[in-house]
Every structure is written in C-alpha cells, then in structure tokens.
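Visitor: One structure follows; several queries about it will come next.
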Amino acid sequence: MFRFHSTLLLAALMIAFMVCISGYAQQVVTRELTIDKQYLLLPVRTGAAKQRVKYLVDGKTAREFDIELDGENPSFWVFSDVSGFNGKKLTIETSAPQDAPGGLDAIQQSDTLPGAETMYHEATRPQFHFTSRRGWNNDPNGLVFFQGEYHLYYQHNPFGWNWGNMHWGHAVSPDLIHWKELPIALYPRQYNDWCFSGSAVIDEKNTSEFGQGGEPPLIAAYTSTGRGECIAFSLDRGRTFHDYEGNPVVKHQGRDPKVIWYKPGQHWVMAVYDEMGDSKGIAFYTSPDLKEWTRQSRIEGYYECPELFEIPIEGKTETKWIVYAADGAYTIGQFDGKTFTPETDKLPYNYGDCFYASQTYNNIPESDGRRIQIGWGRTGDPAMPFNQQMNFPVELTLRETDDGLRLFAWPIREINTLYDKLRVKKTRVTPDEPLIVTARGDLFDVTANIELMDASEVGFIVRGMPVSYDVKSETLRCGDNTAPLKAPNGFLSLRLLVDRQSVEIFGGDGRVYMPMSATFKDDTVALDFYCKGGAVRADSIRAAELKSIWPSENE
Ligand code: FRU
C-alpha cells in the first residue's frame, strides 16, 4: 500500500517537473576558460531575455547574477573584473530561456575596458556629474572622507542598464569634483543576498578592533538582503572589504543603516529604516563598537534611506539635528544620542524630479565643517551604456527665515575650478527682445539676480527647456514641477547647473532646490533669457561655461 502511494507521488512529481520545464524551459550551457586577463567582457542588449550566469571556480559558485545577454546584437558591453581568479579555471554557466539570444560564446577576456576610446565622451554622458562607466546606479552609499579622499560608494548593477544585482560600486575624488571609478567594493555573498544601501565611518578609536598597525579601519554598514544589517571593514583605504564574521549586527524588518559617531556619548548611532506592520519609520540603535547594537527608539512616518546629522544655525554656535529619509523632506529637532525629538513638522526639501535617497558625508574635517550632500540623480538615456547619475554635491546650511529655520542647498564652491569662459550680461531685457546669453555649449553654471520691474513672467530657456518664474503667483516652474519662491524687494535669485542630462535649479539662494532630469534638443540656442508682460533689469546674469571633469579623449 505504502509502495503504491509513493510510486504515485513520484509520478505526480515528475509530471509537475515536466510541466514546469516545458513552461519555463531553461537551457543550461557552460564554457570553461583559464583566466589570464583582468576582465570578462559580456554583450548586453536591454530588453533581451534575462539569463542567469554563474562563475564556477574550484567547483564552487564564485559569482551569480542576471544579465540580458545577447551575443548577436549587443547594444553595449559590460565588464566583470576577474583578476581575483587569475590563473584559475573558471566555468561560466548560463541558464536561459530556450528562445534567448545566447551570448555565452561571445564573452571575451580582455585587459582593456569595452568602449575605452570613447569612455566618458559618449554623446549624452554627464560631464560634471558622476556616472558609472557601465550599468546602473541608484543611491549614493558610504559617503565618507578619509585621508584626503572623498569616497562615493553607490548602488550598482554592473551587468545591465536597469536596476538589479545590487553591488556597491566605488569612486574616489580629491575634491568632490573629479571622480575616479575604482573596482567594485562590495560583492553580493550569493545570488539573492544583495548589498543594499548603507553608510561608512572611520573608526578613529578602533572601537571595533578591526584596525591594524595604528591605522583606523574604514567600516561600511550595509543591508544584506539575505541576512540583515551587516558591517564590513577595510584596511586599505576603502578599496577592499572583509565581511564581519558576526554578521548580521542588527536583525529587524528594514534596511539602509546610516551610522554616525555621537561624540558627546562616545558611541555609535545607527539610524535605520524600520518597518513594523504597516508603520514605516526610522529606528535608532546605539553601539560601543559597531558590532553590538541596542535598539533605543523609533520615529514614524519616514521611508527608506534615513539620514541623521547635527548642523549649526548659520551664524550661531547653537546647533539642531536633522532627520530625513529618501524623499529629502526633513524634520528639525534635538537628538540626545538615543532619541530624536522633533521641533517642526516635516518640511519639503526637493522640488525636482531628479532626486532621491541622498546622503551626507561623514568625517568631514572640523576645519572644513561643511555638511555636504549627494543625491541620486534620476536621469537616463537608453542610448547610453550607463544609466542614472549622482547629483552635483551641495552644501547644506540651516538658516533663519521668515517662516522659521530652513535648510538651504547650494552647489559646493569647488565648482569654480571648472569655470572656463565667463559670459556676463548687463542689460535691460524686454518682451520683444529676449536675450541670447550664449548660442552654443551644453555645460553651464548660470547665476542671475533679476529685478522684476513690470514683468509678469521671466525665465531661461535651456537648450529648449524652459525654467520660468510667474511673478504674481510667486511660482518657479520647470516642466510639471513647481515650487513656491519669493522675490524679496522685487529681485529674483536663480542659479542653474546645466549638464547633458539634467538642470539643477536653485531658487532664492538655495531655499528652493529643484534638480530636474532633461532630454535636450540639439538644434536649439544653448541659453536664452526672456520676460513677458514688461521689461526687467537683468543686471547680473552670469553664465560660466564649465569644463568636463573627465580626462580628455587622448589622455
Ligand atoms: C532606495 C532603495 C533602498 C535600497 C536600495 C536598493 O532607492 O530602495 O531602500 O537599499 O534602493 O538598491
């Protein structure tokens, strides 16, 4: 009787299996290579069927990811650093739907990057914003200054144009302007255990005891989607990381740990996105050593990528604490090392369509003292081998206004080092005679202080894209995005940073921050200024043409 049942069960299982494989027939093919070059180059076509690729080394899966492989008709090639397997036999296994275009045979070994000749000079590659050489980026992660370098880690899909396969990409800069992309810093431990967002600190006092030879370790706190909040330490200035063997250090429903050193209490604080049923919030944990964490408190009403920092009120010694999450809407209050006490409602910060999941730098030297923020710039051109960008770094200040304390965002002053030709216009502009500030160019820092006089509307047209101000309703507009903006004493202050995929708009000296993604037309005047309803005095319109931050093509 028992035997009869088990035979039936086996038959049923086999039928189920056959149905499965006929529905989702997967073709598994392998190829073996001896690694003698730095990279594997893989052909990608966005929209091709996803294939699951494994690198097997010594019989074990060393890497596993999804990729839209297409060896016949690739739109671009991505690269995968395999220098760690040099001299070894590596088996590439692809598992693809029957009708997938294939591509395993097209994968090549190489010591140079795909498209190296045109790298950073592709038609719409941003020229003063960070972008990844290949693939996708979203959130900035692990923003930290250490030994003369600003680190920018970031959510990265090295294998495709869209989000997926989350790694921590890595770039460094001596000045927050010129970036050098370095090898990937954090690899997923295994398929489905992705490295989601997080932060980085310098453990100056070696509280973690990861440091060696008197050098403080750089420690990343990140979400492992398979395990929880984890830490990893680096002893080589943030280049390579060792996962802490006691991971995860915090287990809860949530993600995106932002860790800071709380000086008055001499302990670490983690602000981390925390879900409790339907309630979305930020939980605060404390730790003496980054390994043992104690849950202290929680605030409700915030979603993803929390931030927590102290900032002085401009011109005073008094400080406040700021909390915000991915949308940037911030609350001003007090923080005692364990609990955040709000003193305001949530205040709007970003008015554009090109901002999310920003983070501010840890460990900026006291002699500098700035609070510097980088946001994820949601742009993208499907014709490019990369997707998305980082917004231009802004300095945050907390200022007294008629409405109370408010955060202001302003491009970091280092942008001046990119100034090339300066076009200054001193003029009266009338509705009949718009002002062509400059006919050509695609990279600008435009500042304008405009006396509105009798005009009902003023604005710039940036390569065909209008940025306008309606005087009566006191509204700044770009596309579908609007922001309330005052023009005190009849003077309007505007600043525009124009790159190839975005215009970042700053109104009222940075009170209004409106980063916008842009798709420009080529055959338009680069920058003109107009007014309607009456003349204006545009005595100080200054447009600085900007140099590219990338090495020139023949370097
Ligand atoms: C925000 C976010 C984070 C997460 C990451 C994954 O953009 O959803 O919450 O850690 O992106 O890439």
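Visitor: Residues that are open to solvent by 40 Å² or more (accessible area, probe 1.4 Å): which strands (runs of 3 or more DSSP E) entirely in segment 232-317 hold 3 or more of them? Steps first, answer last, please.
Guide: Details: elements: 254-262, 267-276, 279-287, 294-300, 307-312.
In segment 232-317, the matching strands (runs of 3 or more DSSP E) lie at 294-300.
Visitor: Filter segment 387-397 down to residues that are surrounded by 21 or more Cβ atoms within 10 Å (Cβ to Cβ) and not polar (S, T, N, Q) and give me whichever is farthest from the chain's Cα centre (by Cα).
Guide: Applying the first criterion (surrounded by 21 or more Cβ atoms within 10 Å (Cβ to Cβ)) to segment 387-397 yields 387-394, 396.
Imposing the further condition that a residue be not polar (S, T, N, Q) reduces the set to 390, 392-394, 396.
Working: Met390: 5, Phe392: 11, Pro393: 11, Val394: 14, Leu396: 17 Å.
In this case the residue turns out to be Leu396.
Visitor: Go through (1) aliphatic (A, V, I, L, M); (2) closer than 28 Å to Phe146 by Cβ; (3) at pLDDT below 95 for Met390 and report which single condition fails.
Guide: (3)
Visitor: Return only the number of the condition from (1) assigned to a strand (DSSP E or B); (2) open to solvent by less than 30 Å² (accessible area, probe 1.4 Å); (3) of a type in the set (Gly, Ala, Ser) that Ser540 does not satisfy.
Guide: (2)
Visitor: Do any residues in segment 172-189 that are open to solvent by less than 10 Å² (accessible area, probe 1.4 Å) have Cβ atoms under 6 Å from those of residues that are among the aliphatic types (A, V, I, L, M), where the two are at least six apart or on different chains, and which pairs are they?
Guide: Pairs found: Leu176/Ile412; Ile177/Ile549.
Visitor: Hey, another quick one. Please state which of the following conditions Gly160 fails to meet, knowing it meets all the rest: (1) open to solvent by less than 40 Å² (accessible area, probe 1.4 Å); (2) outside the structural domain of Tyr262 (by TED's automatic domain parsing).
Guide: (2)
Visitor: Looking at Leu496, Leu527, Leu485, Leu492 in this structure, which one is within 29 Å of Lys180 (Cβ to Cβ), of a type in the set (A, V, I, L, M) and out of contact with any Pro (no Cβ under 7 Å at 6 or more places or on another chain)?
Guide: Just a single option satisfies the conditions, and that option is Leu496.
Visitor: Would you check if Phe65 is aromatic (Phe, Trp, Tyr), touching a residue at least 12 places away in the same chain (Cβ under 8 Å) and more than 19 Å from Arg133 (Cα to Cα)?
Guide: Taking the combined requirement at face value, the residue does not satisfy it.
Visitor: Additional query: Take segment 87-100 and flag every residue that is open to solvent by 40 Å² or more (accessible area, probe 1.4 Å) and either in contact with a Pro (Cβ under 9 Å, 6 or more places away or on another chain) or not in a strand (DSSP E or B) (or both).
Guide: Gly87, Lys88, Gln98, Asp99
Visitor: Here's another thing I want to ask about it. Within segment 314-325, which residues are without any contact (Cβ under 8 Å) to a residue 60 or more places away in the chain and either within 19 Å of Lys263 (Cα to Cα) or within 16 Å of the ligand (Cβ to nearest atom) (or both)?
Guide: Correct list: Thr317, Glu318, Thr319, Trp321, Val323, Tyr324, Ala325.
Visitor: Hey, another quick one. Could you tell me which of the residues Gly369, Gly404, Gly375, Gly380 is touching a Phe, Trp or Tyr at 6+ places or on another chain (Cβ under 7 Å) and of a type outside the set (Val, Ile, Thr)?
Guide: Gly375
Visitor: Conditions: (1) closer than 23 Å to Val394 by Cβ; (2) within 16 Å of the ligand (Cβ to nearest atom). Phe128 meets all but one. Number of the miss?
Guide: Status for Phe128: all satisfied but (2).
Visitor: Could you please find all residues in segment 338-386 being open to solvent by 20 Å² or more (accessible area, probe 1.4 Å) and among the polar types (S, T, N, Q)?
Guide: Matches in segment 338-386: Thr339, Thr341, Thr344, Asn350, Asn363, Ser367.
Visitor: Let me ask something else. Pairs only if they're at least six apart or on different chains, beta carbon under 7 angstrom, first in segment 298-313 and within 10 Å of Ala325 (Cβ to Cβ) and in contact (Cβ under 8 Å) with a residue 12 or more places away in the chain, second open to solvent by 60 Å² or more (accessible area, probe 1.4 Å) and within 16 Å of the ligand (Cβ to nearest atom); list them, first residue then second.
Guide: As it stands, the answer is Tyr302/Lys280; Tyr303/Lys280, since those pairs meet every condition given.
Visitor: Within segment 194-208, restricting attention to residues that are over 14 Å from Leu152 (Cα atoms) and within 13 Å of the ligand (Cβ to nearest atom), which residue is surrounded by the most Cβ atoms within 10 Å (Cβ to Cβ)?
Guide: Checking each candidate, the answer is Cys195.
Visitor: Restrict the check to segment 118-135 and report whether at least one residue is among the polar types (S, T, N, Q) and under 15 Å from the mean Cα position of the chain (by Cα).
Guide: Checked against the condition, which is being among the polar types (S, T, N, Q) and under 15 Å from the mean Cα position of the chain (by Cα), segment 118-135 yields at least one hit.
The values are calculated or read from the model by the stated rules, or taken from the named source; none is laboratory data. All of these numbers come straight from a predicted model, not from anything done at the bench. FYI the Cβ positions are ideal-geometry reconstructions off the backbone, even for glycines, and counts take in every protein chain you see. Heads up: the accessible areas ignore ligands, DNA and RNA and are worked out on the full protein's heavy atoms, side chains in. Shrake-Rupley method; radii C 1.70, N 1.55, O 1.52, S 1.80 Å.
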